[in-house]
1. Order by neighbour count: I220, I137, fewest other Cβ atoms within 10 Å first, most last.
2. What is the distance, in nm, between label points placed 7 Å from the Cα along the Cα-to-Cβ direction at Y45 and at A229?
3. If only Cα atoms are counted, what is the Rg of region 102-191, and what is its Dmax, in Å?
4. Pairs of lysine in the chain with Cα under 18 Å and at least 8 positions apart or on different chains: total?
5. Per residue, what volume in Å³ does the convex hull of the Cα atoms of region 2-50 enclose?
6. So which GluC sites (Glu not before Pro) in region 1-38 pass both tests, a DSSP loop state and at most 12 other Cβ atoms within 10 Å of the Cβ?
7. Counting other Cβ atoms within 10 Å, keep those with at most 14, restrict to DSSP loop, and tell me which GluC sites (Glu not before Pro) in region 140-240 are left.
8. So for L214, L230, fewest C-beta neighbours within 10 Å to most, what's the order?
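Please treat every number below as a calculation from the coordinates, not as lab data. Note that the coordinates shown come from a computational prediction; the quantities given were computed from them, not determined experimentally. Every residue, glycine among them, receives a Cβ derived from its backbone with ideal geometry; neighbour counts consider all protein chains shown.
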Amino acid sequence: MRFVRYQENGETSTHYGWIYNDLVGEIEGDIFQEFRRLEANLPLYTVKILPPVEPGKIVACEWNYLDQTREFDRIISDIPSIFYKPTSSVIGMNDPIILPAVSKRVEQECELAVVIGKTAKSVLPENAFDYIFGYTIANDVTARDLQMADETWSRSKGFDTFCPLGPVIETDFEPADALLTCRVNGELRQMASTRDMLFPVQNLVAFISSIMTLYPGDVILTGTPVGSALLSPGDVVESSIDGIGQLVNPVRSQTV
């Protein structure tokens, strides 16, 4: 099933919904607990698509594709390397990525994102999928020059608009071998399969939950393959994962 967060035109209230063909039906209740699907009768093109979840925290994995570790001349670790992105960095479908004036090199990083569905602590890899609600697309936007200059990544990864998510949460998705692609202005920049991850989804959930409790709505970014490159004002980033869809974001300069 595909879940979506949306606003109807002219409204300020937000809704969870489910998608049937090109129609949206409202969800009553809590998508992570008990809910009821109402009739899908609202044309999808008439609503504003929001980030599909409001995460309590965003935990990201770095250097999780072999080609990227080689690109940056990194030593392959025996355990995942993780960091955080602030929830204030989240934007949704068609929202602009804002290039901060302090950075001269901002790059895109298309990733598979995992949405947690149940409270998870010290989960075993073989049980990890029981705690996953679904999957969405993420773009771990990064100020590469600041990443290289700083000892930690909080600044380079944490600017507002640096975590596009969406457009939907897909619950019927097989993460073991899905094609991930990213295009900028129609030009292919990234293409890989999730089978190329050094640490697959179930291992990431197990590792992270051994450190911290994961709660419903928390998001895990699973890493990006080789191919991140400079973004410029006026660019359009299209991040796609087969079986989930396409996340589109324009790129703008900071105005203040």
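1. In order of increasing Cβ crowding within 10 Å: I137, I220.
2. Here the answer is 3.2 nm between the modelled labels.
3. 15.7, 44
4. Value for the chain: 6.
5. About 69 Å³ per residue, rounded to a whole number.
6. Of the GluC sites (Glu not before Pro), the ones in loops of region 1-38 whose Cβ has at most 12 other Cβ atoms within 10 Å are E11, E34.
7. Sites meeting the loop and neighbour criteria: E151.
8. L230, L214
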